[in-house]
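First comes the structure, then the notes that go with it.
The values are calculated or read from the model by the stated rules, or taken from the named source; none is laboratory data. Note that the coordinates shown come from a computational prediction; the quantities given were computed from them, not determined experimentally. No Cβ is skipped: glycine too gets one built from the backbone with ideal geometry, and neighbour counts run over all protein chains shown. Ligands, DNA and RNA are excluded from the accessible area calculation, which covers all protein heavy atoms including side chains. Shrake-Rupley method; radii C 1.70, N 1.55, O 1.52, S 1.80 Å.
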Number of protein chains: 2
Amino acid sequence: MTRNFMLTLCYDGSRYRGWQRQGNTDNTIQAKTEALLSRLLGQEIEIAASGRTDAGVHARRQVCSFKADTDADVSFMLTELRKHLPEDIGALALAEAAPRFHARLNCREKTYVYRVWNSGEPNVFERRYLYVFPAPLDLDAMRKAADTLPGEHDFSAFCSNRHMKKSAVRTLQSVEIERRGGEVRFRFTGNGFLYNMVRILTGTLLEVGSGQRSVESVREALESLDREQAGFTAPAQGLILWDVRY
Amino acid sequence: MTRNFMLTLCYDGSRYRGWQRQGNTDNTIQAKTEALLSRLLGQEIEIAASGRTDAGVHARRQVCSFKADTDADVSFMLTELRKHLPEDIGALALAEAAPRFHARLNCREKTYVYRVWNSGEPNVFERRYLYVFPAPLDLDAMRKAADTLPGEHDFSAFCSNRHMKKSAVRTLQSVEIERRGGEVRFRFTGNGFLYNMVRILTGTLLEVGSGQRSVESVREALESLDREQAGFTAPAQGLILWDVRY
C-alpha cells in the first residue's frame, strides 16, 4: 500500500554540502536521510523538501514529503529515524499526509532568518550559526532600506544564478530587523526565494547599516535587475530556514 | 613594571582536555591561552583560573589572573587575544587588577549550570552543551531531594577522587531545578566544588527524577560519605561553569 508522508526535519548544516543529493552516497542532508529511510523500509525512497538549502545553511524547520509502500507504524518509523540519523540532523515529526501533498509544490510561504553577531565580544557557543560582522550597524537605515523590498518584484538583482531561465518574480511578504543583545537578526518571509536571495539581501542591508551604501541604493538595485548593483553575499553559516507554511 | 591582570574567558570545552595545562603545548585551555599571551608579551605567562574545568566542560564565564612585566595597553592586549584565540575560546574582558588579586585564591562563590535535554525531540543546535536524558523526570521529587543538600557538609560521597587528602567540606548555597521547554536546568551555587561534584550531584538527582532512587536516599548518600551511595557521574558535555564571584 503506497502511503504519503510528511517529515519535519531540523539540521545543523555546517558539515553538509546542502540539502540536495548530488549522487547516492554523498554528504548532503537529502542523501543521508534517503539512505536511512530506504534501508529502514527496504525500498528506494525519494524525498522532496520544501526547498533546497545551500551548503552550510541550517534548518530550524524543514518540511519534506515522500511516498513509500509500507504498512509500518508512523511512530515506529519516527523512533528509528531519531535513533539512526546523524546527531546534526533531527527528525522533529513524521505524519501520514494526504495522497497529493508535496512538500515543494504545496509550499505557500517560507521564513528565513539570518543571524549576524554584531559585537566585539565573542560568542563561542553559537558561533556555527552566526555571521560575525562587528562594525556598528545603523538599524534605522537598514529598516528604511528593508521597507522598500516587500511586494511582488523581479528579484534578479538579488540572485546569484545568472543563467536562470525561469521567472525571477517572487513575493516578499516582510523583512524584519531586530537587535537582541549582541545579535542583529533579519527575518524574511515570502512565497519563494531565488538562489542566494536571502544572503544577498542580507549582505546589501549590512552595507547600508555600516554606511557603505545609501538607503535609496537598495531600491535602485532592485529596480536595476542587475546583480552588480546589489551587495555582497553574506556567508551561509548565518542563514537558517526558520519555518515553512502550507 | 610587573602588573596583575584579570582576564575573563568563555569557552566551548568540547575539544579540550579541560582547563589545566599538562605540558607546554597540550590541548588544554590553559596551555592555549598561556602560549598566546606568552608570545604576545615576549615572556612566559602563567595563568591562574578560578578553578579547573574537566575535559569537555564548558565555561560561560571563567575568571583568570596573571602577572606580566609589560606596559602594553589593556585594550590592545584584549584585541590581540580576540584575534588569535581559537574560535572556541573567547576573551570576554581584560582589566588591570589589584596587585594581590588571584583568580583562584580570592574566589568567593561559583555557579555551575548542568543542562539536561529531557525530550524525545532532537535538539541539533545545542547538542554540544546538553546531556540527552529522555526519560520522564519528576521535578518535584528532584527538588525535594535537592533541598536536602545546601549547607556546609563533607561532600565526600559526591567526589570522584578517592585519594583526596584535603578536606571535602564545602558550603553549597543553593540547588535550583527549572524546566525550560524540553530542557531541565540544574543550577548549583557554592563556595567551592570537589572533583566531579556537580556531575555526581546531577546524576544522583536524575536517578531520583526518573524513579531509580528515593528522595531520602540523597540525604543518606550525603551522610554516608561513601561515593558508592551516590548516583552516576553525568557526562561532562552538559556542564557549564556559569559564573564566578569575588
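Some notes on this structure:
- Taking all Cα pairs closer than 8 Å and separated by 6 or more residues, the relative contact order of chain A comes to 24 percent.
- Ellipsoid equivalent to region A:101-163 - semi-axes via the Cα gyration tensor, in Å: 29, 20, 13
- Evaluated over the protein assembly as shown, the count of Lys pairs having alpha-carbon atoms less than 19 Å apart is 4 (only pairs 8 or more residues apart or interchain).
- Which of B:84, B:38, B:184, positive extreme of dipole for chain B (C-beta unit charges): B:38
- Contact order, relative form, for region B:133-230: 38 percent (alpha carbon pairs under 8 Å, 6 or more residues apart, mean separation divided by residue count).
- For region B:174-217, the relative contact order comes to 23 percent (Cα pairs under 8 Å, sequence separation of at least 6).
- Rounded to the nearest 20, the Cβ-based charge dipole of region B:109-245 about its Cα centre (Lys and Arg +1, Asp and Glu -1) stands at 520 debye.
- Sum of -39500 (n - 2.57) over DSSP H runs of 4+, divided by residues of chain A (222 nm, nearest 500): -6500 deg cm²/dmol
- Average accessible area per residue (Å²) across region A:2-96 - probe 1.4 Å, nucleic acids and ligands excluded: 44 Å²
- With its label point put 7 Å out from Cα toward Cβ, residue A:121 sits 2.8 nm from the same residue's point in the other copies, in order from shortest.
- Cβ-defined net charge surrounding residue A:185, 10 Å radius [Lys, Arg +1; Asp, Glu -1]: +1
- P(r), alpha carbons of the protein assembly as shown - 10 Å bins starting at zero, rounded %: 4, 16, 22, 22, 20, 12, 4, 0, 0
- Alpha carbon centroid spacing (whole Å) that separates region B:1-73 from region A:49-117: 43 Å
- Estimated distance in nm for a label pair at residue B:73 and residue B:26, the labels positioned 7 Å out from Cα along Cα-to-Cβ: 3.8 nm
- Summarising the label geometry, the points placed 7 Å from Cα in the beta-carbon direction at residue A:39 and residue A:119 lie 4.1 nm from one another.
- Three principal axis extents of region A:1-51 based on alpha-carbon atoms, in descending order, are 37, 21, 15 Å.
- Taking the centroid of alpha carbons for each part, region A:131-194 and region B:141-185 are 49 Å apart.
- Placing dummy labels 7 Å off each Cα toward the beta-carbon, the span from residue A:214 to residue A:95 is 5.0 nm.
- Within-13-Å neighbourhood charge of residue B:44 [Cβ basis; K, R +1; D, E -1]: 0
- Amide hydrogen neighbours beyond the local backbone of residue B:16, cut-off 5 Å, H modeled: B:56
- Here's the picture: charge each Lys and Arg Cβ at +1 and each Asp and Glu Cβ at -1 in chain A, and of A:66, A:246, A:139 the one pushed furthest to the positive end of that dipole is A:66.
- Surface accessible to a 1.4 Å probe, residue B:112 within the full protein complex, Å²: 20 Å²
- In sequence order, calculated HN-Hα J values of region A:47-64 (Karplus, 6.51, -1.76, 1.60; Hz; x Gly/Pro): 9, 9, 9, 4, x, 6, 10, 6, 3, x, 8, 9, 9, 7, 7, 10, 9, 10
- Neighbours of residue A:228, meaning other residues whose beta-carbon lies under 14 angstrom from its beta-carbon, give a summed charge of -1 when Lys and Arg score +1 and Asp and Glu score -1.
- Accessible surface of residue A:177 - all protein chains present, 1.4 Å probe, nearest 10 Å²: 10 Å²
- Residues A:166, A:144, ordered by accessible area of protein heavy atoms at a 1.4 angstrom probe radius and largest first, appear as A:166, A:144.
- FRET E, pair residue A:109, residue B:166, Förster distance 51 Å, beta-carbon r, rounded to 0.05: 0.25
- Probe 1.4 Å, all protein chains present, accessible-area order of A:19, B:242, largest first: B:242, A:19
- Amide H contacts of residue A:231 (H built 1.01 Å from N, in plane; Pro and chain starts excluded): A:204 sit under 5 Å, all sequence-distant by 5 or more or on other chains.
- Cα-centre dipole for region A:1-108 with unit charges at Cβ (Lys and Arg positive, Asp and Glu negative), debye to 20: 380 debye
- Taken along its principal axes, the alpha carbon cloud of chain B reaches lengths of 59, 41, 28 Å, longest axis first.
- Most to least accessible of B:154, B:73, A:71, A:147 (protein chains only, probe 1.4 Å): A:71, A:147, B:73, B:154
- Here the Debye sum runs over all C-alpha atoms of region B:1-108 as equal scatterers in vacuum, and log10 of I(q)/I(0) at q = 0.11, 0.13 Å⁻¹ comes out as -0.29, -0.41.
- Test item: Cα-centred dipole of the protein assembly as shown, Lys/Arg +1 and Asp/Glu -1 on Cβ, debye: 300 debye
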